[in-house]
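Below is one structure, written out as structure tokens, with a few remarks after it.
The values are calculated or read from the model by the stated rules, or taken from the named source; none is laboratory data. These numbers come from a predicted model, not from an experiment. Neighbour counts run over all protein chains shown; Cβ positions are idealised from the backbone, glycine included. The accessibility values were calculated without ligands, DNA or RNA, using every heavy atom of the protein model including side chains. Shrake-Rupley method; radii C 1.70, N 1.55, O 1.52, S 1.80 Å.
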Amino acid sequence: TNVAVDLSLPSGVSLTPGESRTRTISRLAPGQTAPLRWRVVADPTTVGFVTFRVSVQAPPAPTKSVARTILVSATANRKLESGFQIVSIPFTMTGTLQEVLNLPVAYQAKRWNPERELYETIETIQPGQGFWLYLPGDAIIAQYDDNNLQFPANVFDTSLPVPLKKGWNQIGNPYPYPLVLGQVVVVGSSDPSRSLSFFEAAQRGVIRGVLYYWDEFNNEYKFTSDPNTPLLPHRGYWIKVSEDVE
């Protein structure tokens, strides 16, 4: 009797207004189950895997707890830091970059062209592409103009090809949810009929098996080659390829 069930939420996720973190089941018979539901909301800038915990107290029995991990998709919001950052947009743009970013200050957006080996000012961007963004002044929470964005179709059950040219490329996760690096598949121009895992492609020399990204907090490059690394939406990365690939 009076079984108390308590929900503990991670940072970035909170109860919706009017919700209580604790539920009470007045009576639970042996073998009986009782459904419980909470309505929660993620902070607009929260994205990726988050873990919540539920603890159950039914004295004199000891407390039991379970943990579950859920996936929070990206929204059209991103915290932009002052200065330089490599970003991407995991949504289909229907307007210009200026219309989508909808920033209250002047900014610069440039993307590396591996064929010409120089930076170019850009006015549009596609899912899967990364670019440098320079923001003067203080950090802001940017709310993209969703009138000029579309949620990509079939992103939960369809592969999205990202064409890369020989040399260094600025890329981004084309999905609005984290993609584990070990799930990336590479198709090279030398053998387009065969798909290689990211690390098979690295072993064959088709790609360099390391992703680099710019840490805008410490103003330095960092890198990863861990297959369990989640590629985050909105973040841009560098990758080097030895031939044209997808």
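Residues in region 207-218 that are in contact with a strand residue (DSSP E or B) (Cβ under 8 Å, 6 or more places away or on another chain) and farther than 13 Å from W132 by Cα: I207, R208, V210, L211, Y212. The set of residues in region 222-232 being touching a residue at least 12 places away in the same chain (Cβ under 8 Å) and not in a loop (DSSP other than H, G, I, E, B) consists of F223, T224, P230, L231. Across region 108-124, the qualifying residues are those that are part of a loop (DSSP other than H, G, I, E, B) and open to solvent by 60 Å² or more (accessible area, probe 1.4 Å), and the one among them that is nearest to L149 (Cα to Cα) is T124. Taking each residue of region 36-55 that is within 18 Å of K79 (Cα to Cα) and looking for partners that are charged (D, E, K, R) and open to solvent by 50 Å² or more (accessible area, probe 1.4 Å) with beta-carbon atoms closer than 7 Å, six or more apart or interchain, yields T45/K79. Of the residues in region 74-85, at least one is touching a residue at least 12 places away in the same chain (Cβ under 8 Å) and under 15 Å from Q129 (Cα atoms). If you go through region 165-182 and keep only what is open to solvent by 20 Å² or more (accessible area, probe 1.4 Å) and over 27 Å from E81 (Cα atoms), you end up with K165, K166, G182. Is it the case that region 127-138 has a residue that's in contact (Cβ under 8 Å) with a residue 12 or more places away in the chain, surrounded by 15 or more Cβ atoms within 10 Å (Cβ to Cβ) and in contact with an Asp or Glu (Cβ under 8 Å, 6 or more places away or on another chain)? Checked region 127-138: at least one residue is in contact (Cβ under 8 Å) with a residue 12 or more places away in the chain, surrounded by 15 or more Cβ atoms within 10 Å (Cβ to Cβ) and in contact with an Asp or Glu (Cβ under 8 Å, 6 or more places away or on another chain). Of all the residues in region 30-85, those that are within 20 Å of the chain's Cα centre (by Cα), in a loop (DSSP other than H, G, I, E, B) and of a type in the set (A, V, I, L, M, F, W, C) number 3. Selection of region 78-99 for residues being in contact with a Leu (Cβ under 6 Å, 6 or more places away or on another chain) and open to solvent by less than 10 Å² (accessible area, probe 1.4 Å) yields L80, Q85, V87. Among residues of region 183-198 being modelled with pLDDT of 90 or more and in a loop (DSSP other than H, G, I, E, B), the one that is surrounded by the most Cβ atoms within 10 Å (Cβ to Cβ) is V184. The sole residue among D226, D215, D157 that is out of contact with any Gly (no Cβ under 6 Å at 6 or more places or on another chain), surrounded by fewer than 17 Cβ atoms within 10 Å (Cβ to Cβ) and within 17 Å of V87 (Cα to Cα) is D215.
Residues in region 14-35 that are in contact with a strand residue (DSSP E or B) (Cβ under 7 Å, 6 or more places away or on another chain) and either more than 28 Å from A74 (Cα to Cα) or surrounded by 10 or more Cβ atoms within 10 Å (Cβ to Cβ) (or both): S14, L15, R21, T22, R23, T24, I25, L28, A34. Only one of the listed residues (V47, V40, V56, V66) is loosely packed, with under 13 Cβ neighbours inside 10 Å and of a type in the set (V, I, T). That residue is V66.
This table checks each residue for (1) within 17 Å of the chain's Cα centre (by Cα); (2) in a strand (DSSP E or B); (3) within 26 Å of T69 (Cα to Cα).
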| position | (1), (2), (3) |
| --- | --- |
| W168 | no, yes, no |
| Y177 | yes, no, yes |
| E200 | no, no, no |
| G205 | no, no, no |
| N218 | no, no, no |
| K240 | no, yes, no |
